[in-house]
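**Student:** Supplied in structure tokens, the structure appears directly below.
The values are calculated or read from the model by the stated rules, or taken from the named source; none is laboratory data. The model shown is predicted, which means the values in this text are computed figures rather than measured ones. Glycine gets a Cβ as well: all are built from the backbone with ideal geometry, and neighbour counts include every protein chain shown. In case anyone asks, the SASA skips ligands and DNA or RNA and just uses the protein heavy atoms, side chains included. Shrake-Rupley method; radii C 1.70, N 1.55, O 1.52, S 1.80 Å.
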Amino acid sequence: MNDYIVRATALDGKLRAFVCITTELVRELSDRHGCLALASAALGRTATMGAMMGVMLKGEETLSLQVRGDGPLGKIIVTADAEAHVTGYIENPRVELPPREGGAYGDVEKLDVGAGVGEGFLLVIKDLGMKEPYTGSVPLHNGEIAEDFVHYFAQSEQTPSALALGVLVDKDQSVKAAGGFLIQLLPGVTEEDIDYLEQQLSKFPHITSLLVQGLTPEDILKRLIPGEIKFLETYPVAFTCDCSRDRFERGLLSLGASEIRSILTEEKQAELVCHFCNEKYHFEEAHLQELLEQAEAK
Ligand SMILES: [Zn+2]
């Protein structure tokens, strides 16, 4: 099954849902960064969230999700756009921690992502084409990523949400399945609906176990939500890095004249590596000299 997201509504429009399969995306990210199981889970969950939040954007809008914990995994950054083009980075991809109490290695629910991420903040930065990007920030709830985003939606966007993000890693460290769902309750929803949903969610199997069984996002949603579901749209999900030479040139310029001057004196060249895809961009001395002149003219 290729990666995709399905968007749907139910309960007469009082509930909106996104369900996705992101196995290929998470596999690609894991391979590019050489992630071990714990990092695959942490980065993969964040990337899955990025894909679903991405398709809530419009047109040229983009977003960046930043999990800034003090745990050994370091920071996690995911960017996404409205077409579910997603890329991501994790600072320490090869961290290993003992599984949670009673857990077997590689069992996704037992990977101690919370301990790997630690305490800190979750930032959501949306570039909506305005002068200033929108930035929302909440303290990390437990570093397990899904709960952290539930708190973000409640605090920053005042939307009660149910969220599952799953990455199943095999014994050989390969990503076996990944996906997630986000269910948001909109104004008008009744207490009864909420109770029913909470009950469904409390006994719902882990999403990756359903994906491994071959269930589609549509099947999963049908199991989760009562009554008629209106499937509105599907979006393919893809790993895409939008880095470019231009972007790195602007990045160099933004360092300012004195910083560029010191690179010129010390290194006489610059090699910049995209965190997200490991592409290398080389800048020769003459090019840096030009950039210095531009920076000085500012
Ligand atoms: Zn890149």
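**Student:** Which of (1) on the phi < 0 side of the Ramachandran plot; (2) surrounded by 15 or more Cβ atoms within 10 Å (Cβ to Cβ) is the odd one out, the single condition Pro139 does not satisfy?
**Tutor:** Of (1) on the phi < 0 side of the Ramachandran plot; (2) surrounded by 15 or more Cβ atoms within 10 Å (Cβ to Cβ), only one is false for Pro139: (2).
**Student:** Now a separate question. Considering only the range 227-262, state which residues are in a helix (DSSP H, G or I) and either within 16 Å of the ligand (Cβ to nearest atom) or of a type in the set (Asp, Glu) (or both).
**Tutor:** Selection gives Arg245, Asp246, Arg247, Phe248, Glu249, Arg250, Gly251, Leu252, Glu259.
**Student:** Let me ask you something else. Please give the number of the condition Arg27 fails out of (1) of a type outside the set (Asp, Glu); (2) closer than 30 Å to Pro98 by Cα; (3) over 16 Å from the mean Cα position of the chain (by Cα); (4) open to solvent by 10 Å² or more (accessible area, probe 1.4 Å).
**Tutor:** Every condition holds for Arg27 apart from (3).
**Student:** Collect the residues in the range 270-286 that are free of Cβ contacts under 8 Å to residues at least 24 places away in the same chain and either near the ligand (Cβ under 9 Å from one of its atoms) or surrounded by fewer than 14 Cβ atoms within 10 Å (Cβ to Cβ) (or both), keeping them in residue-number order.
**Tutor:** Selection gives Glu271, Val273, Lys280, His282, Glu284, Glu285, Ala286.
**Student:** Right, something else. Looking only at the range 2-29, which residues are part of a strand (DSSP E or B) and in contact with a Lys or Arg (Cβ under 9 Å, 6 or more places away or on another chain)?
**Tutor:** Answer for the range 2-29, where residues must be part of a strand (DSSP E or B) and in contact with a Lys or Arg (Cβ under 9 Å, 6 or more places away or on another chain): Arg7, Ala8, Thr9, Ala10, Arg16, Ala17, Phe18, Val19.
**Student:** Got a number for residues in the range 71-80 being under 11 Å from the mean Cα position of the chain (by Cα) and in contact (Cβ under 8 Å) with a residue 60 or more places away in the chain?
**Tutor:** 2
**Student:** Still on this model: Among (1) in a helix (DSSP H, G or I); (2) closer than 21 Å to Pro160 by Cβ; (3) in contact with a Pro (Cβ under 7 Å, 6 or more places away or on another chain), which single condition is Ala39 missing?
**Tutor:** The failed condition is (2).
**Student:** I would also like to ask the following. Quick check on this structure: which one of Thr190, Thr159, Thr240, Thr234 is in contact with a His (Cβ under 8 Å, 6 or more places away or on another chain) and either open to solvent by 30 Å² or more (accessible area, probe 1.4 Å) or closer than 30 Å to Ile125 by Cβ (or both)?
**Tutor:** Criteria check complete, one pass: Thr240.
**Student:** Under 6 Å by Cβ, and 6 or more places apart or on different chains, what pairs join a residue from the range 233-249 that is outside the structural domain of Ala8 (by TED's automatic domain parsing) and more than 14 Å from Val86 (Cβ to Cβ) with one that is open to solvent by 40 Å² or more (accessible area, probe 1.4 Å) and more than 12 Å from the ligand (Cβ to nearest atom)?
**Tutor:** Within 6 Å, no pair qualifies.
**Student:** Which of the residues spanning the range 196-222 are assigned to a helix (DSSP H, G or I), of a type outside the set (A, V, I, L, M) and surrounded by 10 or more Cβ atoms within 10 Å (Cβ to Cβ)?
**Tutor:** Across the range 196-222, the qualifying residues are Tyr196, Glu198, Gln199, Gln200, Thr208, Ser209, Pro217, Glu218, Asp219, Lys222.
**Student:** On the given criteria, is Gln184 in contact with a strand residue (DSSP E or B) (Cβ under 7 Å, 6 or more places away or on another chain) and farther than 27 Å from Cys35 by Cβ?
**Tutor:** Criteria met by Gln184.
**Student:** Closer than 13 Å to Val167 by Cβ and among the charged types (D, E, K, R): is that true of Arg32 in this structure?
**Tutor:** When the stated conditions are applied, Arg32 does not pass them.
**Student:** Need pairs with beta-carbon distance below 6 Å; first residue at negative phi and within the range 176-196, second open to solvent by 40 Å² or more (accessible area, probe 1.4 Å) and among the aliphatic types (A, V, I, L, M); sequence gap 6+ or separate chains.
**Tutor:** Note: pairs meeting the criteria are Ala177/Val212.
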